[in-house]
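The values are calculated or read from the model by the stated rules, or taken from the named source; none is laboratory data. From a predicted model like this one, the values you see are computed outputs, not experimental measurements. For neighbour counting, all protein chains shown are included, and Cβ atoms are generated from backbone atoms with ideal geometry for every residue, glycine included.
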Amino acid sequence: MLKNAYVAAAVRCAPPDNKPSPSEQANCRPYFERELEILRLLRSGKSMAEIAGIINVSYKTVANSCAVLKRKLGARTPLDLVRIAVENKLA
């Protein structure tokens, strides 16, 4: 069972013909635990290089995870990413 593989949101997504708001996007997507860990570390003020060292992965892995999170949350910058995550209680 993939119990720890991802955290599923319990809120419904907007209909496909309407573009969901960042809040709706945040609550509709599954998030891997590693992604949530990266969000928490970003929120605490860590750089991507520091995060890579803390979770023992390459900088590129952290950068790719941030890019995926930006797409999932509709964020443009790391600051947007953290703001949306905090507003939706993801981090």
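Among residues of the range 31-52 being surrounded by 15 or more Cβ atoms within 10 Å (Cβ to Cβ) and not in a helix (DSSP H, G or I), the one that is modelled with the lowest pLDDT is TYR31.
In the range 58-72, the residues that are closer than 11 Å to GLU35 by Cβ and touching a residue at least 60 places away in the same chain (Cβ under 8 Å) never reach a residue that is of a type in the set (Asp, Glu) and in a helix (DSSP H, G or I) with C-beta atoms less than 9 angstrom apart, at least six apart or across chains.
Among the residues examined, LYS89 does not qualify as exposed (fewer than 14 other Cβ atoms within 10 Å of the Cβ) and assigned to a helix (DSSP H, G or I).
Residues of the range 58-86 that are of a type in the set (S, T, N, Q), more than 10 Å from the chain's Cα centre (by Cα) and either crowded, with 19+ Cβ neighbours inside 10 Å or part of a helix (DSSP H, G or I) (or both): THR61, ASN64.
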